[in-house]
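Asks: Dropping a structure here in structure tokens format, bear with me for questions.
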Amino acid sequence: MVAVIKKGNSLSRSLNYNEKKVELGDAKCIHAVNYAKDLERLNFYDKFRRLEHQAALNENVKANSVHISLNFDPSDRLDIEKLKKIADTYMQRIGFGNQPYRYTSILIAVTRTSTW
């Protein structure tokens, strides 16, 4: 597995990027963590408001979003449950486990409240 991490300063741009991937059929949203609603009931504004609220908790953070892509060898046969487990473990280990995040296939959109 190779992780590619990009910092951003636009929550809406990061979220729109992922939403567009889903809309075009290039990705599927398979999991949403630390939101008030189940994945099936979340709309764009629910996601955006939650991320925006979380980002506002630390005014010192300049880049308020992170885009993470977890990339696997094409020969890896990973079902959705395995991908969820990998992403959850990854987010816990990098210290973002309590942040709201969602992933499309294995693109992870998360807000930053730490200053790393």
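The values are calculated or read from the model by the stated rules, or taken from the named source; none is laboratory data. Since the model is a prediction, treat every value here as computed from it, not as a measurement. Neighbour counts run over all protein chains shown; Cβ positions are idealised from the backbone, glycine included.
Asks: For the subset of the range 48-87 comprising residues that are of a type in the set (Val, Ile, Thr) and closer than 17 Å to Tyr103 by Cα, which member is surrounded by the fewest Cβ atoms within 10 Å (Cβ to Cβ)?
Replies: Per the stated criteria, the residue is Ile80.
Asks: Quick one: which of Tyr90, Tyr45 is loosely packed, with under 11 Cβ neighbours inside 10 Å, of a type in the set (Ser, Thr, Tyr) and part of a helix (DSSP H, G or I)?
Replies: The match here is Tyr45.
Asks: Here is a further query. Being touching a residue at least 40 places away in the same chain (Cβ under 8 Å) and over 20 Å from Val22 (Cβ atoms) narrows it down to one of Lys62, Lys47, so name that one. Lay out the reasoning, then the answer.
Replies: Values: Lys47 fails: over 20 Å from Val22 (Cβ atoms).
None of the others qualify; the one that does is Lys62.
Asks: Which one of these is of a type outside the set (Ser, Thr, Tyr) and either touching a helix residue (DSSP H, G or I) at 6+ places or on another chain (Cβ under 9 Å) or at pLDDT below 90 (or both): Arg102, Arg93?
Replies: Exactly one of Arg102, Arg93 is of a type outside the set (Ser, Thr, Tyr) and either touching a helix residue (DSSP H, G or I) at 6+ places or on another chain (Cβ under 9 Å) or at pLDDT below 90 (or both), namely Arg102.
Asks: Would you say Asp46 is at pLDDT 85 or above and closer than 18 Å to Ala3 by Cα?
Replies: no
Asks: Among the residues of the range 70-81, are any part of a strand (DSSP E or B) and within 24 Å of Ala27 (Cα to Cα)?
Replies: yes
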